[in-house]
1. Once both axes come from the Cα atoms, what is the angle between helix 258-268 and the longest principal axis of the chain, in degrees from 0 to 90, rounded to 10?
2. Using θ = phi - 60° and the Karplus relation 6.51 cos²θ - 1.76 cosθ + 1.60, list the HN-Hα couplings for the stretch 30-46 in order, rounded to whole Hz, with x at every Gly or Pro.
3. Could you give the angle, 0 to 90 degrees to the nearest 10, between helix 377-389's Cα long axis and the longest principal axis of the Cα atoms of the chain?
4. Mind checking the per residue accessible area of the chain for me, 1.4 Å probe, whole number of Å²?
5. May I ask you to evaluate 6.51 cos²θ - 1.76 cosθ + 1.60, the Karplus curve with θ = phi - 60°, for each residue of the stretch 166-177 and list the ³J(HN,Hα) values in order in whole Hz, giving x for glycine and proline?
6. Explain nothing, just the number: relative contact order of the chain, from Cα pairs under 8 Å at least 6 residues apart, as a whole percent.
7. What relative contact order, as a whole-number percentage, does the stretch 197-283 give when Cα pairs under 8 Å and 6 or more residues apart are counted?
8. Can you sort TRP264, TRP144, TRP399 by 1.4 Å-probe accessible area, starting with the largest?
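The values are calculated or read from the model by the stated rules, or taken from the named source; none is laboratory data. Fair warning: this is a prediction, and the values are worked out from it, not measured in the lab. When the accessible area is computed, the model is the full protein with side chains, heavy atoms only, and any ligands, DNA or RNA have been set aside. Shrake-Rupley method; radii C 1.70, N 1.55, O 1.52, S 1.80 Å.
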Amino acid sequence: MFPSPPNGRHMSPASEANGEPVCVVGAGPVGLTAALALRSLGVPVRVLDAQAENRVRPGSRALYVHHDSLRTFERISPGLGETVAAHGIQWSGRRTRHRGRLVFAKDHPPSAGGDLPPYASLRQLDTEAHLLDACRAHGVAFGWSAEVEKVVAGAEGVELRSTDGRRWTAPYVVAADGARSVVRAAIGRRMVGRRSASHHVVVDLADPPGEPVPALREFHYHHPGLDGRHVLVVPFAGGRQVDLQCREGEDPDALMEPARLRGWLSEVVATELVDRVLWVSRYPFLQSVADAFIDDERRVLLAGEAAHLFAPFGARGMNSGIADADAAAVAVATALQATDPQRARSTIDDYDAVRRAAALHNRDAAGQALAHMRPSPGGRLRQHLAAGLAGRVRRCGTWLEKAPYGPRTMATPTSTY
Ligand SMILES: Cc1cc2nc3c(=O)[nH]c(=O)nc-3n(C[C@H](O)[C@H](O)[C@H](O)COP(=O)(O)OP(=O)(O)OC[C@H]3O[C@@H](n4cnc5c(N)ncnc54)[C@H](O)[C@@H]3O)c2cc1C
């Protein structure tokens, strides 16, 4: 197992003085976290991203920044966890309904302040903006509009080339270039897993100015106004995300047409919200993990969606990518300091073993969430019986509330993700 990050970070900056900076490919939340984590260990870093510096990324995407991730942010860049928490919200409560009937309700008291909260809910692009500010403050170098197309890993390091002919070399590369990772393909790794045949439609709605709308997270099993489809509403700072589960074989695009969209949204949220659509998209449930997270030379480390794809339910996507990024930084910093090449290689091997095992755990947890959302006839009956008993047996309501997000068991001895 690779060493856990030293308390307070800052290993001796052996790599600071000599050689090329470590390259991180991808300036999404995972790449930016990897860069910051490397800087916190005294390692010079360059982040390359295909897009321009002032790009605007669409949609709220990953909203839920878990306590583990906030703690990681705070450790690698003091104040960052608090900043992200301060710009996010905590839900005022949770409600779960089954065919319109309330089966679970819990109100959350406002946070007392002080420690980092259990989570923060904010748009991914806001989390990324805070990460980017911290990267700049900590001296991360950037190469924007640098679409990496060629990756050659050798015994001494890695050469990267972009589509416009620029070239970089680095002793190690952290590949955080997302679901369609070019780096992953270049090192001969492939994704293994499944995708669901059916889709979800996801809509971001802005809160109206003035009177605040209650920040309730709501899950509806078989919403009566939506011909029995499931729907989830997740508030975030400034709005809410509505996630509708399409029926097996249903065309998600039809549900995204403006008139149809307005119609079904009005069954789920307050009337004043239905015309405040910021973004509409669709996605299938994915459960795939790369067959290895490192290359043959032990010079490239895959992290985040370059390494694994999970359904958003359970918030395992971005949060597990942040855990990858942190672990990749420790592995690279340790390998850079190793005087014995075999020790350096085994540190990278350990990254592969630990984070791939975590990804398989997360994939299975997301798979359980999916099985609950699309149950067998027996599973459907269990849900129906639990809903009937929920008024008298609290455990039944709690089960219906928690199961759509999968089990909350630890992915590693020290990380939920
Ligand atoms: C609708 C939706 C809802 C979601 N909800 C959640 C949620 O609730 N919880 C959760 O945890 N996750 C959620 N996710 C997933 C979350 O958005 C991803 O886990 C997260 O963006 C992954 O981060 P990443 O940094 O690995 O990849 P990305 O965010 O995809 O970043 C990859 C970066 O690499 C760059 N890049 C790509 N190719 C190249 C190249 N060849 N050269 C250089 N740069 C390159 C891209 O420009 C991009 O900046 C959701 C996703 C979607 C689409």
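1. 70
2. 6, x, 5, 5, 4, 5, 5, 5, 5, 4, 5, 9, x, 9, x, 9, 10
3. 60
4. Numbers: 17840 Å² over 417 residues.
That works out to 43 Å² per residue.
5. 6, 9, 9, 10, 7, x, 9, 10, 9, 9, 10, 9
6. About 20 percent, as a whole number.
7. On the way: 149 pairs, mean separation 37.4, N = 87.
Result for the stretch 197-283 is 43 percent.
8. My answer, sorted largest first, is TRP399, TRP144, TRP264.
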